[in-house]
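Q: Got a structure for you, written out below as structure tokens; questions coming shortly.
The values are calculated or read from the model by the stated rules, or taken from the named source; none is laboratory data. The model shown is predicted, which means the values in this text are computed figures rather than measured ones. Positions of Cβ are generated from backbone atoms using ideal geometry, with glycine treated the same way; all protein chains shown enter the neighbour counts. Quick note on the areas: whole protein, heavy atoms, side chains included, nothing else; ligands and nucleic acids left out. Shrake-Rupley method; radii C 1.70, N 1.55, O 1.52, S 1.80 Å.
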Amino acid sequence: MPAIHDLATRSAPFLTYLEQWYNTLPEVDLATIIGDAPERVALCSIDMINGFCKEGPLAGPRVGALVEPVVTLFNRAYELGVRAFVLTQDTHDPATPEFAAYPPHCMAGTAESQTIRELAELPFADQIVVIEKNSLSSHLGTRFGAWLAEHPQIDTFVLVGDCTDLCVYTAAMHLRLEANAFNLKRRVIVAANAVDTFDTPVTVARELGIYAHDGDLHHVLFLHHMAQNGVEVANIR
């Protein structure tokens, strides 16, 4: 493959388009999504745990800021009659190969792997299903597939959490691609205002010898990629 030159200049029109697309995302009332069939809706939170929101090597302010909007959507969904709540959460085996790519984090039995207090202490927390995962995927090697099979009436999934371009992306795309593969009638909706990703500036990455990660670009680019593949992306109130 030939080298790429002047990427910033050549991609400028697309970046302008991407910014405009993101800044004009539709605002949707959760009540409109739920309608008169709350039993067909699931609210799925991805990795809203201490190790990304509050403490540990991968915790940061961008993801920490998701606590309020995520909890707000949980409360509103419950008020509107939704009873299917799923939390998929990193609960790593210390031997996971993922630690070759990311620092050890959210290991089973540690505070980092625990659900944030704001969700764990909701009045309806006993109705929330927690599904542990050992990778970026909410589906591979987890109970999520079995849970889906046990709830065939659910055909609308609202996703919140982190990270937009990693665990949220893999969960949303698996739900969408599975529906496509098996001709399932299914809506997969990502709440753009209740997901985010981390930021590692180029200067910091070079100092530490790690990959840089532009949080704003990855957040918007992966939302766009999900939308391009049939996932609905909107700001949900």
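Q: Provide Rg and Dmax in Å for the stretch 44-109, with only Cα atoms included in the calculation.
A: 14.0, 43
Q: If the only charges are +1 at each Lys and Arg Cβ and -1 at each Asp and Glu Cβ, what is the size of the charge dipole of the stretch 31-236 around the Cα centre, to the nearest 20 debye?
A: Numbers: 13 positive and 25 negative charges, 96 e Å.
Here the stretch 31-236 has a charge dipole of around 460 debye.
Q: Once every DSSP H run of n ≥ 4 in the chain is given -39500 (n - 2.57) and the sum is divided by its residues, what mean residue ellipticity at 222 nm do you get, rounded to the nearest 500 deg cm²/dmol? Mind showing how you got there, number by number?
A: On the way: 11 runs with 89 residues, N = 237.
One gets -10000 deg cm²/dmol as the mean residue ellipticity at 222 nm.
Q: Name the long-range amide H neighbours of GLY161: under 5 Å, sequence gap of 5 or more, or other chain; modelled H, no Pro or chain starts.
A: Amide H neighbours of GLY161, under 5 Å, 5+ apart: ILE46, VAL195, ASP196.
Q: Another question about this same structure. State the answer as a single residue: which of VAL188, ALA212, VAL233 lies farthest towards the positive end of the charge dipole of the stretch 173-237, with beta carbon charges of +1 for Lys and Arg and -1 for Asp and Glu, about the Cα centre.
A: Among VAL188, ALA212, VAL233, the one farthest towards the positive end of the dipole of the stretch 173-237 is VAL188.
Q: Return the percentage of antiparallel bridges among DSSP beta bridges fully within the stretch 31-236, rounded to the nearest 5 %.
A: Working: 2 of 29 bridges.
Here the share of antiparallel DSSP bridges comes out near 5 percent.
Q: All other residues with a Cβ under 12 Å from the Cβ of THR88 taken together, and with Lys, Arg as +1 and Asp, Glu as -1, what is their net charge? If you can, show how the numbers build up before the last one.
A: Values: positive: LYS133, ARG143; negative: ASP47, ASP90, GLU132, ASP162.
Around THR88, the charge tally is -2.
Q: How many Å² of accessible area per residue for the stretch 31-236, probe 1.4 Å?
A: Working: 9270 Å² over 206 residues.
Result: 45 Å² per residue.
Q: State the answer as a single residue: which of GLY81, ILE49, ALA125 lies farthest towards the positive end of the charge dipole of the chain, with beta carbon charges of +1 for Lys and Arg and -1 for Asp and Glu, about the Cα centre.
A: Toward the positive end, the furthest listed residue is GLY81.
Q: I need the semi-axes of the equivalent ellipsoid of the stretch 99-196: take the C-alpha gyration tensor, multiply each eigenvalue by 5, square-root it, list largest first in whole angstrom. Can you show the working numbers first?
A: Working: eigenvalues 108, 62, 40 Å².
Ellipsoid half-lengths, sorted descending, are 23, 18, 14 Å.
Q: Please say if the stretch 139-195 is rounded, prolate or oblate, where rounded means a/c under 1.5 for a ≥ b ≥ c the square roots of the C-alpha gyration tensor eigenvalues, and otherwise the choice is prolate for a/b larger than b/c and oblate otherwise?
A: Details: a/c = 1.73, a/b = 1.44, b/c = 1.20.
In terms of gyration-tensor shape, prolate.
Q: Go through the stretch 108-207 and name the GluC sites (Glu not before Pro) that are in a DSSP coil and have 11 or fewer other Cβ atoms within 10 Å of their Cβ.
A: On the way: sites: GLU112, GLU118, GLU121, GLU132, GLU150, GLU178, GLU207; in loops: GLU121.
Of the GluC sites (Glu not before Pro), the ones in loops of the stretch 108-207 whose Cβ has at most 11 other Cβ atoms within 10 Å are GLU121.
Q: On the accessible surface of the chain, probed at 1.4 Å, how many percent belong to carbon and sulfur atoms?
A: On the way: 6750 of 11980 Å².
Whole-percent figure for carbon plus sulfur exposure: 56.
Q: With the convex hull built on the Cα atoms of the chain, state its orientation-averaged projected area in nm².
A: Numbers: hull surface 57.3 nm².
Orientation-averaged projected area of the Cα hull: 14.3 nm².
Q: Given an 8 Å cut-off on Cα distances and at least 6 residues of separation, report the relative contact order of the stretch 169-217 as a percent.
A: Values: 35 pairs, mean separation 12.7, N = 49.
This gives 26 percent for the stretch 169-217.
Q: Do you know the relative contact order of the chain, to the nearest whole percent, from alpha carbon pairs under 8 angstrom that are 6+ apart?
A: On the way: 402 pairs, mean separation 55.3, N = 237.
Relative contact order comes out at 23 percent.
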